[in-house]
Amino acid sequence: MPACRYEAIPLLVNKVERLKPKTVLDIGTGFGKYGMLLREVLEFPFQRFHKHQWETKIDGVEAFTGYKNPIHDHVYNKVYYGDILDVVHEMPKYDVILLI
């Protein structure tokens, strides 16, 4: 399922916002909800509304290619499609990793 329970959203987003990471990896992007929410709190307060202005690198990993959608293309810098064990060797280091 490309979604999760909504109750965790405020706690998680607030925590990441306080950390002010420069790089984030979202493992199991699903629909792309957390990528979108993190863009909103890490970019929009600084008037960076357009992709070419974004300073935070947010990548994702999604094992199920059936979840691929236009949100992935817009919100994430890069989405790795496949099993994390198969793509981990291609990835840089990240300040924050989400595994929700």
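Determine whether region 41-49 contains at least one residue that is outside any loop (DSSP other than H, G, I, E, B), of a type in the set (Val, Ile, Thr) and in contact (Cβ under 8 Å) with a residue 40 or more places away in the chain. Outline the logic, then answer.
Going through region 41-49, the residues outside any loop (DSSP other than H, G, I, E, B) turn out to be 41-42, 44-46.
Applying the additional criterion that residues be of a type in the set (Val, Ile, Thr) yields 41.
Of the ones still in play, those that are also in contact (Cβ under 8 Å) with a residue 40 or more places away in the chain are none.
Looking for residues that are outside any loop (DSSP other than H, G, I, E, B), of a type in the set (Val, Ile, Thr) and in contact (Cβ under 8 Å) with a residue 40 or more places away in the chain, one finds none in region 41-49, hence no.
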Which residue pairs have Cβ atoms under 7 Å apart, sit 6 or more places apart or on different chains, and have a first residue in region 17-39 that is closer than 12 Å to Ile58 by Cα and a second that is surrounded by fewer than 17 Cβ atoms within 10 Å (Cβ to Cβ) and basic (Lys, Arg)? Lys22/Lys57; Thr23/Lys57
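Residues checked against (1) modelled with pLDDT of 95 or more; (2) among the charged types (D, E, K, R); (3) open to solvent by less than 70 Å² (accessible area, probe 1.4 Å):
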{"residue": "Ala3", "(1), (2), (3)": "no, no, yes"}
{"residue": "Tyr6", "(1), (2), (3)": "no, no, no"}
{"residue": "Arg18", "(1), (2), (3)": "yes, yes, no"}
{"residue": "Pro21", "(1), (2), (3)": "yes, no, yes"}
{"residue": "Tyr34", "(1), (2), (3)": "yes, no, yes"}
{"residue": "Leu37", "(1), (2), (3)": "yes, no, yes"}
{"residue": "Glu40", "(1), (2), (3)": "yes, yes, no"}
{"residue": "Glu43", "(1), (2), (3)": "yes, yes, yes"}
{"residue": "Trp54", "(1), (2), (3)": "yes, no, yes"}
Residue check, Asp73 modelled with pLDDT of 95 or more, open to solvent by 90 Å² or more (accessible area, probe 1.4 Å) and part of a helix (DSSP H, G or I): yes
Matching residues in region 76-91 (assigned to a strand (DSSP E or B) and either aliphatic (A, V, I, L, M) or more than 26 Å from His50 (Cα to Cα) (or both)) number 1
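The values are calculated or read from the model by the stated rules, or taken from the named source; none is laboratory data. None of the values given here were measured: they were computed from a predicted structure. All Cβ positions, even for glycine, are placed from backbone atoms using ideal geometry, and neighbour counts span all protein chains on display. Accessible surface is based on the protein model in full, side chains and every heavy atom, while ligands, DNA and RNA are left aside. Shrake-Rupley method; radii C 1.70, N 1.55, O 1.52, S 1.80 Å.
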